[in-house]
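What follows is a single structure, written as structure tokens, with notes after it.
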Amino acid sequence: MNIQKLLTDHIDIWTAAETEKKSGRGRSSGNAGNVYGIKKLRELILELAVRGKLVPQDANDEPASELLKRIQAEKARLVAEGKIKSKSPLTPLLQRGGSKATAANSNLTSPPLVKGGPGGISENEMPFELPPRWAWIKVSEIAELITSGSRDWAQYLSDEGAKFITMGNLSRGSYELRLENMRYVNPLKTGEGARTKLEADDLLISITGDVGNLGRVPEDFGDAYINQHICLLRFLPLCRNRYFPEVMRSPMATLQFNEPQRGIKNSFRLGDLNEMVIPLPPINQQHRIVAKVDELMALCDQLETQHSNAADAHEKLVNHLLGTLTQSPTTASPLCKRGAGGDLDWQRIAEHFDTLFTTEASIDALKQTLLQLAVMGKLVPQDPNDEPASELLKCIQTEKAKLVAEGKIKKSKQLPPITDPEMPFDLQEGWEWIRVSDIAELTTSGSRDWAQYLSDEGAKFITMGNLSRGSYKLRLENMRYVNPPKTGEGSRTKLEANDLLISITGDVGNLGRIPENFGEAYINQHTCLLRFLPQCRNRYFPEAMRSPMASLQFNAPQRGIKNSFRLGDLDEMVFPLPPLAEQHRIVAKVDEFMALCNQLKSRIIEAKQLQQKLADVLVEQAVTQ
């Protein structure tokens, strides 16, 4: 298998199938890469390695059966010397390699392994055919020690001392220890302090939660211990090379980590690890495999770095060019062909649209720019025949005074005039700066006493989980229900059509807008209800609330408790008020552009899914070839 050729011949597929952003974890980690194709390529390298297809076989190698004899002799000696405990004798193996395996597991998406009897390896446990001179073994055959930490470590925790390894220090798809959040202990020198003291080359495996995360103890690591969620696998001296850690991060091992799940959900017993089956190559072949894995993983690292650098440069270019649209002169209206500065900026973007907007992130950035242009008055042309916003503001103030006089709403607190530092940009002709309190009929939040009214049916109960980021569409898939009293909280927080809901704790600024005919609904204490005055119940204000200008204000105050936003903060937020006719034109143009963006994003997602399928096909063909 010429995997270098496989890599270079299909480099467009490996790098086009993107997934998530990097998380900054260690090399070759499943979370480290943001490219699905390269992640699959790493898995392929390891799968070919354990199948004996990564490097050529050498007929002069001593067969693994001879290595296994020496391993068994070494283990017997350690037992006789009292250095390790005796294990149950293994039953004769049905296959040690060379003959054809009967199991169906022939690729990376194989069904889970079927366990055989204690100590032996049945044909059903052999997931694929081994090369000649290889052998199937169980982990227990090459282990000097398999144990886990105890639950009694809390009393020994300290600000300094020996390192205390927890699941947070292990990696997915790698065995590099993550040391950025290290904890420490001062343990006893006997008991747990002796049993779980780590040594160089020990392999650590998470056995609860995300089972199969790994960490390998390097040389000169110093005193270190583990907690109860981690298994310590110490190999026999003849097996303390890097071949076995590479096996334990391969897809074949992952299938076995994920398959048993006996007892508690997402837990892996020490007995399960004992029974895991792995291929044993000749010792010289092990060294050649590790060298080739290192070589190919380094190529993957280079490819990933090049892709990441290109992606970062692309993101910076998109953000810079979009920034020119919002920073162009106030009189410019780049998207409606008005104003020399704006026209020039937009023309540059339009000429390279197909190369600029090729990722989901770039489309999201374009959406945010469109919303910012909308609130700046640069999305649609101004019409000198529109009644100015100052007249609309007078009508709003008159309506609010009438509602106060009728006792329908409370008189709002008098806020200071809007100062120059609060105005992030110059307004268009006929626009006015306002505070949210100027256009609000009601600003309130739910109470903490709703638990007693929760029910399996009844009125809808809107929580932060029903709100959206960057949108005001309610998410209704996990709806809760209440049967509240008809007075008190039941009347104060009852929702009406066009109410805007805003998260005010945690992820501040998530939104939801109540549609027509929504039915009876209420909110909890983490959600703010903003009910606009009748003249302002159109969609311009919800659009403004999801713009970058609003996001800056949601994120700026953070007064009191971290990540909380007070109702007073909402009242003080400043917004541009366009003429009413222009508000309607802005909403229509936003809808038009957002529909185009969504169509483009759907095509990008479909193309990415196709690239991922192509990567899967290439991997499967390589494994079964």
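The values are calculated or read from the model by the stated rules, or taken from the named source; none is laboratory data. Quantities reported herein were computed from a predicted structural model and do not represent experimental measurements. Cβ coordinates were reconstructed from backbone atoms using ideal geometry, including for glycine residues, and neighbour counts include every protein chain displayed. Remember, those area values only see protein heavy atoms, side chains included, never the ligands or the DNA or RNA. Shrake-Rupley method; radii C 1.70, N 1.55, O 1.52, S 1.80 Å.
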Might you work out the accessible area of residue 415 for me, using a 1.4 Å probe with all protein chains in place, and round it to the nearest 10 Å²? 40
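Accessible area per residue, 1.4 Å probe, Å², for the stretch 363-469: what's the number? Don't skip to the answer; put the middle values down first.
Numbers: 5810 Å² over 107 residues.
Each residue of the stretch 363-469 exposes 54 Å² on average to a 1.4 Å probe.
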Solvent-accessible area per residue for the stretch 486-606 (1.4 angstrom probe, square angstrom): 41
Once label points are set 7 Å from the Cα along Cα→Cβ at both residue 414 and residue 520, what is their separation, rounded to one decimal in nm? 4.2
Can you figure out the FRET efficiency of residue 72 with residue 10, using R₀ = 41 Å and their beta-carbon distance, to the nearest 0.05? 0.40
Got a number for the accessible area of residue 392? Probe 1.4 Å, square angstrom, nearest 10. 10
Sorted by chain and number, the residues with a modelled amide H under 5 Å from that of residue 269, at a separation of 5 or more or across chains, are 262
For a quick check of your reading of the filter: which trypsin sites (Lys or Arg not before Pro) in the stretch 365-453 sit in a DSSP loop and have no more than 11 other Cβ atoms within 10 Å? 408, 410, 411, 413, 448
State whether the stretch 494-593 is rounded, prolate or oblate according to the following rule on the C-alpha gyration tensor (a ≥ b ≥ c being the square roots of its eigenvalues): a/c under 1.5 gives rounded; otherwise a/b larger than b/c gives prolate, and the remaining case gives oblate. oblate
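How do the peptides 491-503, 216-228 rank, highest first, by the average count of neighbouring beta carbon atoms within 10 Å per residue?
491-503, 216-228
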Residue-level accessible surface for residue 419, protein heavy atoms, 1.4 Å, Å²: 70
At 0.36 nm per residue, minus the direct Cα-Cα distance, what do residue 603 and residue 184 gain on full extension? Give it in nm, one decimal, please. 145.8 nm
With only Lys, Arg, Asp and Glu charged, each at its Cβ (+1 for the first two, -1 for the last two), find how big the charge dipole of the stretch 487-546 is about the Cα centre; round to the nearest 20 debye. 160
Quick one: pull the percent of accessible area on the stretch 399-505 belonging to carbon and sulfur, 1.4 Å probe, ligands and nucleic acids left out. 48
Quantify, in whole percent, the carbon and sulfur part of the accessible surface of the stretch 520-625 (1.4 Å probe; protein heavy atoms only). 55
One finds, for residue 358 and residue 478 with R0 = 25 angstrom and r their Cβ-Cβ distance, a FRET efficiency to the nearest 0.05 of 0.15
